[in-house]
Amino acid sequence: MATASVELGKVSYNRELHGACVRQESLTISGTEAELATAVTAAEAAAGVEMARVATDTACYVAVGSAPDTTATTATNATTARRLIPAGWIFDTPIGIGEKVAVKAIA
C-alpha cells in the first residue's frame with residue numbers, strides 16, 4: 001500500500017529540515033484523503049516545529065492548513081492550494097500551530 005512519511009521539525013539557514021525531528025507519522029495514501037492525527041501543538045512549535053517534510057512513494061496531492069483540502073486549487077484561510085508531489089519526491093513546506101498535512105493519491 002502507498003505511504004507518505006510526514007516529519008515535523010526545525011528549519012536550517014537554507015530552508016531545509018534540520019536537526020531533530022519533533023514528530024513523524026506515516027500516512028496510508030489512497031483515493032481518500034489522509035491527514036496527520038493531530039495538528040501541530042504550541043509545545044511542538046516551542047520545540048522548533050516550523051516545517052513539514054513529506055516523502056511519498058506514490059504520486060499524490062498535498063495540502064496544509066487547519067482544515068487541509070487536497071481538492072482545493074486555490075488557497076483559503078483553512079488550507080493551502082494542493083501541490084502535486086511525484087512518486088519518490090520529498091516536499092518541504094512551512095507549517096504552524098493548529099495546522100495539519102493531508103495527502104491523497106492521484107486517481
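Some points to look at:
Listed here are the residues, each with its yes/no results for (1) surrounded by 19 or more Cβ atoms within 10 Å (Cβ to Cβ); (2) under 13 Å from the mean Cα position of the chain (by Cα).
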residue	(1), (2)
VAL49	yes, yes
ALA55	no, yes
ALA59	no, no
VAL62	yes, yes
THR70	yes, yes
THR79	yes, yes
ILE85	yes, yes
ALA102	yes, yes
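- Members of region 38-55 found to be in a helix (DSSP H, G or I) and hydrophobic (A, V, I, L, M, F, W, C), listed by number: ALA42, ALA43, ALA45, ALA46
- VAL64 vs. criteria free of Cβ contacts under 8 Å to residues at least 40 places away in the same chain and touching a helix residue (DSSP H, G or I) at 6+ places or on another chain (Cβ under 6 Å): no
- LEU8 meets all of the listed conditions (1) surrounded by fewer than 17 Cβ atoms within 10 Å (Cβ to Cβ); (2) at pLDDT 90 or above but one, namely (1).
- For region 87-98, the set of residues classified as more than 9 Å from the chain's Cα centre (by Cα) and either surrounded by 14 or more Cβ atoms within 10 Å (Cβ to Cβ) or assigned to a loop (DSSP other than H, G, I, E, B) (or both) consists of ALA87, GLY88, TRP89, GLY96, ILE97, GLY98, listed by residue number.
- Residues that are in contact (Cβ under 8 Å) with a residue 24 or more places away in the chain and closer than 25 Å to MET1 by Cβ were ranked within region 36-47; the one that is surrounded by the fewest Cβ atoms within 10 Å (Cβ to Cβ) is THR38.
The values are calculated or read from the model by the stated rules, or taken from the named source; none is laboratory data. Since the model is a prediction, treat every value here as computed from it, not as a measurement. Glycine gets a Cβ as well: all are built from the backbone with ideal geometry, and neighbour counts include every protein chain shown.
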